Ligand SMILES: [Mg+2]
């Protein structure tokens, strides 16, 4: 028996994946897509009586990928050697490809494995990963192009004046960049609502052309815009670089990165001032840490994309972290489904140093009505 009281290494006994579709509170759109619901795919990995939980925001089909493709690779294998489990998953999907639903599924499993390991060792996840700070800065994110003036003001007011979050991001690039005048009006309104001392960010979700993005950024010069996310498609690395060279705000992208090659290319081409990484897409906590190292080697910080509660512990353990995205839709879902969600007051998240794993407990009865798979 070892110091944990185990006769042998804990094994993965079972893996379960479920999908939940939750309607948005209002119709939502960014520069290039609109939606009225969000699907969360939740993965639970069990070892004995200990359960690790991970999730991703992706298609319900991810649950079938977990059940059919990944679970057979995991069941009966060691729960502590996450590197080995991750490697097995990535190698097994060679012919299917790691992009899309498969990458989301691997990510959710990896996040669940890290939570499981921390709970087996009775450690908060950020302590297992190796904390470099106690708290993580966040920015309020939403500001959908479908919002009325009143809705936008209400949301910004809530983050900045009620919760004291000193950074706020709105969506621009409305309808594939066909309404830059309204984009600029909304940026001006946002600056007025949040005041002069709060950082103003904008995300065009790839809605503009290169020169159009430069014109909008220049027209917004007096608004002190600090962050311009995906001014053009994140596939257009030359275009990101061109915009980056021409405007003052930091140009950022990376939310669709599925592997290290993607992040290396984005850094190497000088496309971004800050690399965005989404652990629920890129390959979980395992690949987030490697992506952070790629960015660090290029002298860049990283920012966590969406899903704040699945990122907060690894963000605490990431030296070159700028901040996490406190995204309206995901905050709403995470609060509805879990006990133990964090308070954003003051613009930082502080994971509970006394709670094992990710510190969250799923409220199954609250999630069940939204279950689709
Ligand atoms: Mg974005």
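The slack in the chain from residue 157 to residue 7, taken as 0.36 nm per residue of separation less the alpha-carbon distance, amounts to 48.5 nm. Once the Cα atoms are used to define both axes, helix 284-297 deviates from the longest principal axis of the chain by about 50 degrees. Sorted largest first, the spans of the alpha carbon positions of the chain along the three principal axes are 67, 40, 38 Å.
By the count of neighbouring beta-carbon atoms within 10 Å, fewest first, 171, 117 end up ordered 117, 171.
Taking the chain as the reference, fit the longest principal axis to its C-alpha atoms, fit the long axis of helix 82-92 to the helix C-alpha atoms, and give the angle between the two in degrees, 0 to 90, nearest 10. Once rounded, the angle reads 80 degrees. Taking label points 7 Å from Cα along the Cα-to-Cβ direction, residue 238 and residue 77 give a separation of 4.1 nm.
Relative contact order of the chain: 19 percent, from C-alpha pairs under 8 Å at least 6 residues apart in sequence.
By the count of neighbouring beta-carbon atoms within 10 Å, fewest first, 313, 323, 298 end up ordered 298, 323, 313.
Beta-bridge orientation, the chain: approximately 50 percent antiparallel, per DSSP, counting only bridges with both partners inside. The alpha carbon centroids of region 1-32 and region 72-127 are separated by 10 Å. For a label point 7 angstrom out from the Cα of residue 131 toward its Cβ, which stretches of region 323-339 have the backbone nitrogen within less than 19 Å? Only 323-324 fall inside the zone, counting backbone N under 19 Å. A straight chain from residue 123 to residue 368 at 0.36 nm per residue would run longer than the Cα-Cα distance by 85.3 nm. Backbone N atoms of region 184-220 closer than 19 Å to the 7 Å Cα→Cβ label point of residue 332 belong to residues 203. Cβ crowding within 10 Å ranks 176, 159 as 176, 159, fewest other Cβ atoms first. Kirkwood radius for region 185-335, taken over all pairs of different Cα atoms as the inverse mean of 1/r, rounds to 15.7 Å. A straight line joining the Cα centroids of region 188-250 and region 265-303 runs 20 Å. Once the Cα-Cα distance is subtracted from the 0.36 nm per residue extended length, the residue 293 to residue 259 segment shows a gain of 11.0 nm. Sorted into 5 angstrom bins from 0, the C-alpha pair distances of region 7-103 split as 2, 12, 19, 21, 17, 11, 8, 6, 3, 1, 0, 0 percent. Against the main long axis of the alpha-carbon atoms of the chain, helix 237-246 sits at an angle near 50°.
Here, each number is a calculation from the coordinates, and none is a lab measurement. A quick note: this is a predicted structure, and the numbers were derived from the prediction, not measured. Counting neighbours? That spans all protein chains shown, and the Cβs are built from the backbone with ideal geometry, glycine included.
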